[in-house]
Amino acid sequence: MATELDALLSSIRDCKTYDAVKNRLAIITEQKEAATDPDVVRALRDAQVYALVWGVFTVALDQGAPIVAYDKALKVLEAAQASADNKTLEAAYIAYEAACTAYEEALDADNNLINDAIKSVTDDAAKAAPGKNGIDAIADAAAAEMASADIEHHLASQDVIYSSEGPSADPYEEYYDRKRQIRNITSPVKQACDAYVNEYVTRVQVAAQLKQSLDRYLLVWRVTTTGNGNPLAVQGILESIDEKNGTFVLRSTVYEGQRNTVSFSDIGTIDKSRTGSGALSSAVTPGWRNVGLGEWVRSDKY
């Protein structure tokens, strides 16, 4: 079924408009409802999630086009202002005004469209959640993440088309703010992917990260704080992970036999830089000073 799924995903990536993606999604949904083989159903479900996220991308990509035009027109106007050619300045200003109008009009229209695209994703995730077990939840999130990764790859491969002087290795072309365009595209895509992240998925993700630190010393800053709002922390050797219940155990190196159980949901940040209850190195490194010996040394050296 892997080959068939690859073909399905490729057919979704070939869709250049949101309407095309929706039409493809409708066909996939119809096929899924008629399927009986569990592997086929799962593959079609992956394609559904992938298509929904890709649909958000197509809208966001269209929304980026007027941003490129606006930024380019602004750069041209700035260059014309620096010149003494009134005709060039007038033409640049007219082009800039047109780009502003197009940008504002497109932004109003696309905001509604992208909201619709994201709502389709969130509705799908919410609809699937009640009857979804952990395995299905993880698979849905993986399909969404696959779409996100393919979107990043697509954007990277398209860098050269944005250069005004032909192909260029520099993705940050001087004629527009590419960072802004990429942010406007990837932000809604991330929002779409996050819709499929529930407690099952979070538990697996956290467990996978923790497994890389088994038998290592960790300082965990907790979400829970004291009554005065001060941060709480727990530390020790990561001894075990209970993925099913979403907890892990830190064994104290100071108090023999003491073990602290921490919930995944109570993790704020994790500091892996320590080897014991003290810092890995001094919290404050001595400053440099001239001791008159022809060299600068640390203040604790003499």
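Quick notes on this structure:
- The residues of region 1-21 that are open to solvent by less than 60 Å² (accessible area, probe 1.4 Å) and under 23 Å from the mean Cα position of the chain (by Cα), listed by number, are L9, S10, I12, C15, Y18, V21.
- Residues located in region 205-221, provided they are part of a strand (DSSP E or B) and either closer than 10 Å to I270 by Cβ or open to solvent by 80 Å² or more (accessible area, probe 1.4 Å) (or both): L218, L219, V220, W221
Condition check ((1) open to solvent by 70 Å² or more (accessible area, probe 1.4 Å); (2) within 22 Å of the chain's Cα centre (by Cα); (3) modelled with pLDDT of 85 or more) across all residues:
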{"site": "D108", "(1), (2), (3)": "yes, no, no"}
{"site": "I114", "(1), (2), (3)": "no, yes, no"}
{"site": "I118", "(1), (2), (3)": "no, yes, yes"}
{"site": "D123", "(1), (2), (3)": "yes, yes, yes"}
{"site": "D150", "(1), (2), (3)": "no, yes, yes"}
{"site": "D159", "(1), (2), (3)": "no, yes, no"}
{"site": "E165", "(1), (2), (3)": "yes, no, no"}
{"site": "Y175", "(1), (2), (3)": "no, no, no"}
{"site": "C193", "(1), (2), (3)": "no, yes, yes"}
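- Odd one out for S187, checked against (1) part of a helix (DSSP H, G or I); (2) modelled with pLDDT under 80; (3) open to solvent by 60 Å² or more (accessible area, probe 1.4 Å): (2)
- Sole residue being modelled with pLDDT under 80, open to solvent by 60 Å² or more (accessible area, probe 1.4 Å) and part of a loop (DSSP other than H, G, I, E, B), chosen from G229, G276, G294: G294
- Test: residue in region 14-36 that is in contact with a helix residue (DSSP H, G or I) (Cβ under 9 Å, 6 or more places away or on another chain), in a helix (DSSP H, G or I), at pLDDT below 80 and not β-branched (V, I, T): no
- Residue, least open to solvent (accessible area, probe 1.4 Å), within region 22-50, restricted to residues that are among the small types (G, A, S) and free of Cβ contacts under 8 Å to residues at least 40 places away in the same chain: A35
- Within region 234-256, restricting attention to residues that are out of contact with any helix residue (DSSP H, G or I) (no Cβ under 6 Å at 6 or more places or on another chain), of a type outside the set (V, I, T) and modelled with pLDDT under 90, the residue that is surrounded by the fewest Cβ atoms within 10 Å (Cβ to Cβ) is E256.
The values are calculated or read from the model by the stated rules, or taken from the named source; none is laboratory data. A quick note: this is a predicted structure, and the numbers were derived from the prediction, not measured. Reconstructed Cβ throughout: ideal geometry from the backbone, glycine too, with neighbour counts over all protein chains shown. For the accessible areas, the whole protein counts, side chains as well, though only heavy atoms, and no ligand, DNA or RNA atoms are used. Shrake-Rupley method; radii C 1.70, N 1.55, O 1.52, S 1.80 Å.
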